[in-house]
Structure formats: structure tokens, C-alpha cells
1. List the number of the failed condition for Trp154; all other conditions in (1) out of contact with any strand residue (DSSP E or B) (no Cβ under 9 Å at 6 or more places or on another chain); (2) surrounded by 18 or more Cβ atoms within 10 Å (Cβ to Cβ) hold.
2. Inspect all residues belonging to the stretch 321-340 and state whether any of them is in a loop (DSSP other than H, G, I, E, B), more than 14 Å from the chain's Cα centre (by Cα) and aromatic (Phe, Trp, Tyr).
3. For the stretch 73-82, which positions are assigned to a loop (DSSP other than H, G, I, E, B) and either of a type in the set (S, T, N, Q) or surrounded by 20 or more Cβ atoms within 10 Å (Cβ to Cβ) (or both)?
4. Which ones in the stretch 44-72 are over 16 Å from His253 (Cα atoms), β-branched (Val, Ile, Thr) and not in a loop (DSSP other than H, G, I, E, B)?
5. Give Gly214, Gly177, Gly191 a once-over and let me know the one that is surrounded by 21 or more Cβ atoms within 10 Å (Cβ to Cβ), at pLDDT below 95 and not hydroxyl-bearing (Ser, Thr, Tyr).
6. Scanning the stretch 338-352 for residues that are farther than 17 Å from Phe63 by Cβ and out of contact with any helix residue (DSSP H, G or I) (no Cβ under 9 Å at 6 or more places or on another chain), which turns out surrounded by the most Cβ atoms within 10 Å (Cβ to Cβ)?
7. Checking the structure you have, find out if any residue of the stretch 269-290 is within 15 Å of the chain's Cα centre (by Cα) and polar (S, T, N, Q).
Amino acid sequence: MRRLLRYIFLKPVLWASQKFSSRPERKRIFNALDKLYADITEHNTKKGLVIPFDVNAGKVIIFSDQHKGGRDGADDFMLSETNYLTALDYYDKNEFLLIGLGDCEELWENTLGKVKESYPKTFDAERKFLDRKSFVKVLGNHDLYWGNDPFAWWQLKKIYNEDVKIYEALILEVNVGNSPLRIFCTHGHQGDAQSDGNWFSKFFVSNIWGPIQGLLDINPNTPAFNNQLKSLHNTLMYDWSSIEKNILLITGHTHQPVFMSLTHLERLYVKLADAQKNNFDAAIKSVEDEIAKAQPANPTPPDLSKIIPSYFNSGCCCFDDGDITGIEIAEGYIRLIKWQSKKDVPKREVLEEIKLNDLEDLLP
């Protein structure tokens, strides 16, 4: 019976989830990001931090959107926990700074007590970074609790055994080339009318979407290499970053990985255009086959010739195949990485990378 119900309701439920989970508005997003960035650069330490970052020695891993739940049918993180724990062990041993870029806990569908009880190993793994003073926690729309509840500091202390400050964003200040490059990291829900503290969206997720998701075992997060162009929300985030000078923007929120302002499908279209321009027949055929395999929902190639590589999205840690993605900055590179289980052994894979020095040369 469950399979039949899942078959009947899967598409309409996913449609409703998208409908009620995101309504980005350009003006609201631009105003929200402008204000948040100004607050931090003017040293409003309640909003966020400015962290000096050594381009050669510094090491940062950015994960977002774990959505740790209650180990039930509505918990998107369960399948990804093993990959996440293995990744945290790797990054802790290699002395990375861990940035949790929001929606780390799913507190629209669950009580904090339920989440805490469900993932003691995960909280212990994150605590190791805190022991090294190498953990920064940023709030998202699904864990706004951390910024709103007056007793959140006490709950965090109970989880991590020491004080944990919560921020809306942070800026990594990197000296590359002739001028400082600022890497602005925030969850990315700011300006989204359905996500930025919207009570109806929370009501929908808690009372309608969550129970249906749990009953039907529906995870709306498709694998990291999807067949889509940038979502509207990612496009608006890119638009903001593209007009800023010497700023890279890194967000989460959409669960769609973006590297140098391009999704995987968009990168394929760029490769195809380059091969066609240079009359590389073998390359054209290879990329066309790859695009066809992706079965793009948007078959018409967009104009990507003037894209500025200023925007990145960490993806999420709750894909329905158990994979997790993140943004890694180390050894002078910025990378989109994926951790996935191969023969039940989690492995790290670099999907895209570029030297920060080379990236700065591509910015206007």
C-alpha cells in the first residue's frame, strides 16, 4: 500500500514542497546581503566574523544542509551520516577549520531533543573541531532556533560541552595577487520570502510535508550531479556576487552544488561551446553524449559566455543516494568535493578545483 501511495503522491508532494519552500525576490535578496555584508565589515561581531586566511597554509571545509533529523522516514540525513563522519575524521586529522553553513539541524520537523538523541556520534565528531577552536556554526532557515531562542546558548553548551557562538555569516579575508579577496559565507536564505523566518513555510514543513515525507519515505534531494541549470535562487545569489568587487559568495540553502557560478550541466554546455568553437569533433561528440545522458530538463543551452566565477554553493549533506558535497579551500585551491561510498567505503572525490590566484585573475 505504501508503494502505491508513494507512486500516486510523489510528484504532487515534491511540487508542493518546491512551491512552499522557496520564493526568492531579487530586491529582498540584494538588500539582505548588502546589509549583512556591511554589518560584518563594520565589525558587528554579533552578526559574523572576519577571519584572516592564509592562501597557502589555511585549510577550510564548508558543509551545509545536513538537516539532521529524528532517524525516521522524514530524516534526509540518515543515509549520509557515514560519509559525513568519515569526512569529518579526515578534516579533523588534517586540521581544517569546519564551517557549518546553516540548516545543520532540521528543527522545523523535529524537537532539538530528538535530533540530539538521534546523532550523538555526529555531534561528538563536530565537537573535536571545537576542541581545536576550529568550528564556526552559521544559522540557516531550518535552524533559526539557534538565533531566536534565548536559551539556545545553554542547549549548545549541553551538546558541545562548551560555549558555541552562532553567526549569520563570516568573511574569510585572503591575500592573493595585489588586493585582498573576501570570501563571504552565509546560508543564503536571506531575502527568500518563504524561508527567511516565514511562519507559514515552517507550519507547512512541520505539519504537512514532514508527516507525508515520513510516511512515504520521500527524499527530495536528487544526487549532486543533477540535470538542471541554476535554480532561480542560485541565479539571484550569483547576480548579487557578480556586481561586487573582490568578493566570492558561498552559500548553501538550495542543495544544488555550484562551482565558479556554474552547475554541472552548465559546465557541460560551456565545454560544448568551446569544442564547437575549435571544431574538435571528438570532444563535441563526447560532451553531447554526456549532456544526453543527463537528460536535461532545460535542453536549450543558455548563454554562459559572460559568466563571472564569483558564486559557489556547497550543495548539501543529505542527497538521496547518501553522497555529500562541500566547498574545500586548501593548498591555495578552492574545490567542490564529494564524499560517496564506493563498495561501502566512503571516498573523497574532487569534482572541480581552481587555484585562488588563478580565480582572482578571472574576476572583473
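1. Status for Trp154: all satisfied but (2).
2. At the first step, the residues of the stretch 321-340 found to be in a loop (DSSP other than H, G, I, E, B) are 321-323, 331-332.
This time we only want the ones that are more than 14 Å from the chain's Cα centre (by Cα), so: 321-322, 331-332.
Then keep just the ones that are aromatic (Phe, Trp, Tyr); that gives none.
The answer is no, given that none of the residues of the stretch 321-340 is in a loop (DSSP other than H, G, I, E, B), more than 14 Å from the chain's Cα centre (by Cα) and aromatic (Phe, Trp, Tyr).
3. Going residue by residue through the stretch 73-82, those that are assigned to a loop (DSSP other than H, G, I, E, B) are 73-77.
Matches in the stretch 73-82: Ala74, Asp75, Asp76, Phe77.
4. Initial filter on the stretch 44-72 (over 16 Å from His253 (Cα atoms)): 44-61, 69-72.
Now narrow it down to the ones that are β-branched (Val, Ile, Thr): 45, 50-51, 55, 60-61.
Within the stretch 44-72, Val50, Ile51, Val60, Ile61 qualify.
5. Numbers: Gly214 fails: surrounded by 21 or more Cβ atoms within 10 Å (Cβ to Cβ); Gly177 fails: surrounded by 21 or more Cβ atoms within 10 Å (Cβ to Cβ).
Residue meeting the stated conditions: Gly191.
6. So in the stretch 338-352, the residues farther than 17 Å from Phe63 by Cβ come out as 342-345.
Now restrict to residues that are out of contact with any helix residue (DSSP H, G or I) (no Cβ under 9 Å at 6 or more places or on another chain): 342-343.
Numbers: Lys342: 8, Lys343: 5.
Within the stretch 338-352, the match that is surrounded by the most Cβ atoms within 10 Å (Cβ to Cβ) is Lys342.
7. Of the residues in the stretch 269-290, the ones within 15 Å of the chain's Cα centre (by Cα) are none.
Within the stretch 269-290, not a single residue is within 15 Å of the chain's Cα centre (by Cα) and polar (S, T, N, Q).
Every residue, every condition in (1) at pLDDT 95 or above; (2) polar (S, T, N, Q); (3) surrounded by 19 or more Cβ atoms within 10 Å (Cβ to Cβ), yes or no:
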{"position": "Trp15", "(1), (2), (3)": "no, no, no"}
{"position": "Arg23", "(1), (2), (3)": "no, no, no"}
{"position": "Ala57", "(1), (2), (3)": "no, no, no"}
{"position": "Gln66", "(1), (2), (3)": "yes, yes, yes"}
{"position": "Tyr84", "(1), (2), (3)": "yes, no, yes"}
{"position": "Lys93", "(1), (2), (3)": "yes, no, no"}
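The values are calculated or read from the model by the stated rules, or taken from the named source; none is laboratory data. In this text the structure is predicted, and so the values were computed from the model without any measurement. Glycine gets a Cβ as well: all are built from the backbone with ideal geometry, and neighbour counts include every protein chain shown.
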